[in-house]
Amino acid sequence: MRIARVVGNAVSTIKVDSLHGSKLLVVRAASPSDEPYGEPFVAVDAVGAGEGELVLISEGSAGRYTPHTADAPVDAVILAILDSLDVGGQMTFRKH
Amino acid sequence: MRIARVVGNAVSTIKVDSLHGSKLLVVRAASPSDEPYGEPFVAVDAVGAGEGELVLISEGSAGRYTPHTADAPVDAVILAILDSLDVGGQMTFRKH
Amino acid sequence: MRIARVVGNAVSTIKVDSLHGSKLLVVRAASPSDEPYGEPFVAVDAVGAGEGELVLISEGSAGRYTPHTADAPVDAVILAILDSLDVGGQMTFRKH
Amino acid sequence: MRIARVVGNAVSTIKVDSLHGSKLLVVRAASPSDEPYGEPFVAVDAVGAGEGELVLISEGSAGRYTPHTADAPVDAVILAILDSLDVGGQMTFRKH
Amino acid sequence: MRIARVVGNAVSTIKVDSLHGSKLLVVRAASPSDEPYGEPFVAVDAVGAGEGELVLISEGSAGRYTPHTADAPVDAVILAILDSLDVGGQMTFRKH
């Protein structure tokens, strides 16, 4: 699962039926010490994440394996909000 | 889901049966402020998107989870037309 | 689906049973104006494509969703031969 | 399957139900001679791996094919701890 | 399917049950003229491939569609040993 930061929102009225009611968040992959990299993309929120939070994203078919996204054409879902990360015995991130 | 702009059309008469009737659009990934990047590719349109519109694309097995593409060998589908995007509290895109 | 050009053939006698009878073509991803990029790879042909033709390739699990490749360990299939492509209102490719 | 080194831990209290009880490890892809490359990401541990160990990671839908991760939105799982690797007849890695 | 060369072996005693009995080979992607590129990774052998051979690798869910790997968390399988490859009418590889 990629580590990512929630950086914004996406709004769409014209979309496939199975996406109605889904919260679409703009996210950007990040390092364990919260440095963003790569192009932003959109994921469905399954845990009530908010802007600025560091989260875990599952991509591919895993995107359909939450109650919010079952059988929807979703290829990226936010499945966890991170409390902390440590690498090499050092804490690299802690949720404020 | 990747943010992408619809940039053109693809026409094919010789194709697998399950693709007949599908609208094939040429798309290019884009940033939240609508700057295109990477190589164009082709996606099946599931929401009536038109050239120039900013859309959301689902890739991989998710491509089969719309009524238009069920059980078809499709690995990229347009599942939403974007109204607006905001990043860091700033609106980066609004549909004209 | 990636746009690609058929550039050659692959021959293999020792292969999993489910691949016997499949036509293995060497393909290379291409831009809408038929400029190849990236490393060549191999796809199963599901539409009778020939060398030099511009085609659409589906990758991942979609590779199993043609009659030719059902339940075979195939992750890339040629599902359409392109007649034409246009981008920004300009025709960028037309089949000879 | 990618070769990777376990480099740390991820802790999350707010996550989808199906992830509760899963051990989330931070991993980084590595060469056969244990040189890390690319951005760290998070995988579910299915074999009791510990920090510093060289492991095999399966990604995509394979992430759901262990008893620990069945039907969970997991796209990366640690499925083996490596004892040794050899390349070109030379041992490039041996577990201490 | 990616063209790849078998470059070595991986040994693991601690692994998920469904992987026991599988032959784990280190492979590296290669061009049609057998020039390797990218980072080595590990694939399950389904056809008796040996070191130095040029093979076809299927990745993603296709990795589970051989008798050897059914329902195992495998995301890369060797499904064919290549006899020959030709590109642009020229033979670029022939098995010795």
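Bear in mind these aren't lab numbers, they're just calculated from the coordinates by the rules spelled out. Values in this document were obtained by computation on a predicted structure and should not be read as measured data. Every residue, glycine as well, gets a Cβ built from its backbone with ideal geometry; the counts of neighbours run over all protein chains shown.
Of note:
- Cα centroid separation, region E:1-66 to region C:39-96 (Å): 25
- Region C:20-65: C-alpha gyration tensor shape, a/c 1.5 cut-off, then a/b vs b/c: prolate
- Neighbour counting of Cβ atoms within 10 Å sorts the residues B:I14, E:I78, fewest neighbours leading, into B:I14, E:I78.
- Phi angles of region B:71-79 translate, via the Karplus equation with coefficients 6.51, -1.76, 1.60 and θ = phi - 60°, into HN-Hα couplings of 6, 9, x, 10, 10, 7, 9, 8, 10 Hz per residue; Gly and Pro are given as x.
- Put in line by how crowded their Cβ is, counting other Cβ atoms within 10 Å and starting with the fewest, D:V55, C:V6 read C:V6, D:V55.
- Hydrodynamic radius of the protein assembly as shown by the Kirkwood approach over all distinct alpha-carbon pairs: 22.8 Å.
- Semi-axis lengths, largest first, of the ellipsoid equivalent to chain C are 25, 13, 11 Å, with √(5λ) applied to each eigenvalue of the Cα gyration tensor.
- For peptide B:64-73, the mean count of partner chain Cβ atoms within 10 Å of a residue's Cβ comes to 6.
- In terms of surrounding Cβ atoms within a 10 Å radius of their Cβ, C:M1, A:M91 rank from fewest to most as A:M91, C:M1.
- Shielding by other protein chains, C:51-59, mean Cβ within 10 Å: 5
- Antiparallel bridges, percent of DSSP beta bridges restricted to chain B (to nearest 5): 90
- Nm distances between copies for A:D34, ranked from closest, using label points 7 Å along Cα→Cβ: 3.2, 3.3, 5.3, 5.3
- Environment charge at D:D83 (Cβ cut-off 9 Å; Lys +1, Arg +1, Asp -1, Glu -1): +2
- Shortest first, E:R94 label-point distances to identical copies amount to 4.2, 4.2, 6.8, 6.8 nm, with the label point at 7 Å from Cα along Cα→Cβ.
- The modelled label-to-label distance between A:S33 and A:A70, using points 7 Å beyond Cα along the C-beta direction, is 4.3 nm.
- Relative contact order, whole percent, for chain C stands at 28, derived from Cα pairs under 8 Å and 6 or more residues apart.
- For A:G21, the distances from its label point to the matching points in the remaining copies are 2.7, 2.7, 4.4, 4.4 nm, ordered from shortest, with each point set 7 Å beyond Cα toward Cβ.
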